[in-house]
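The values are calculated or read from the model by the stated rules, or taken from the named source; none is laboratory data. Only a predicted model underlies this, so the values are computations on that prediction, with no experimental measurement involved. Here the Cβ is made from the backbone with ideal geometry for all residues, glycine too, and neighbour counts use every protein chain on show.
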């Protein structure tokens, strides 16, 4: 079977790690007396900017630079670099593969596994390497390379065919999975739980533990096992 996984908050604790990074950024910007930027980050003012889909294709350095320039029209390269260093240090200190994800990937490795994720190419590949999971996937698609965010179901066309799509967000993973005719599994986890519950789109399965995937997806025939 051909099984597609999302990365962030499906296989790894990306939002929790990012929260730690953002917390350290807020301390840094407060010390720099960049109060307008702190307000933007804390209270999500100027929603049109915060929801800019181009941010989904960027790395932290460029996102920080855009935020600063949105607030102050220009940015100091040293400040941006320092902020980027602070964020990444905190992020990677807390970034982890979910223990259940390791179990699931090992159990499903005889299937044809595909990974699709939003983000800057270099940054997402760095995360994948950090987690040591590239070996499990036959194909990896990153929006920074394909130039189309998962917010657009057309992003999933590159996968062509899938039996199952597993992710934590209905707007991207589940709608994209349905777009290519896959059965969809929603992992209730991370940032988008409330958003998901308001959606009219319904996944085929909802799980709260990644290991429940193993009760849904059958083992491959013995002659297909590696």
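Looking only at segment 1-24, residues that are under 20 Å from the mean Cα position of the chain (by Cα) and part of a helix (DSSP H, G or I) come to 10 in all. Among the residues of segment 94-102, are any surrounded by fewer than 19 Cβ atoms within 10 Å (Cβ to Cβ), at pLDDT 95 or above and more than 18 Å from residue 168 (Cα to Cα)? Checked against the condition, which is being surrounded by fewer than 19 Cβ atoms within 10 Å (Cβ to Cβ), at pLDDT 95 or above and more than 18 Å from residue 168 (Cα to Cα), segment 94-102 yields at least one hit. Residues of segment 178-195 that are surrounded by 22 or more Cβ atoms within 10 Å (Cβ to Cβ) and touching a helix residue (DSSP H, G or I) at 6+ places or on another chain (Cβ under 7 Å): 184, 185, 186, 187.
Checking each residue in segment 126-160 for being at pLDDT below 95 and within 21 Å of residue 111 (Cβ to Cβ) picks out only 160. Scanning segment 108-149 for residues that are part of a loop (DSSP other than H, G, I, E, B) and under 22 Å from residue 214 (Cα atoms) gives 109, 110, 111, 132, 133, 137, 138. Condition first: surrounded by 14 or more Cβ atoms within 10 Å (Cβ to Cβ), at pLDDT below 95 and in the same structural domain as residue 35 (by TED's automatic domain parsing). Can you find one or more residues in segment 71-87 that meet it? Taking every residue of segment 71-87 in turn, at least one turns out to be surrounded by 14 or more Cβ atoms within 10 Å (Cβ to Cβ), at pLDDT below 95 and in the same structural domain as residue 35 (by TED's automatic domain parsing). Here residue 64 does not qualify as over 19 Å from residue 9 (Cβ atoms), in contact with a helix residue (DSSP H, G or I) (Cβ under 7 Å, 6 or more places away or on another chain) and touching a residue at least 40 places away in the same chain (Cβ under 8 Å). Residue 105 meets the conditions (1) touching a residue at least 40 places away in the same chain (Cβ under 8 Å); (2) outside any helix (DSSP H, G or I); (3) surrounded by 18 or more Cβ atoms within 10 Å (Cβ to Cβ) in every case but one. The failed one is (2). Per this entry, residue 37 is counted among residues that are modelled with pLDDT of 90 or more, over 30 Å from residue 161 (Cα atoms) and buried (at least 20 other Cβ atoms within 10 Å of the Cβ).
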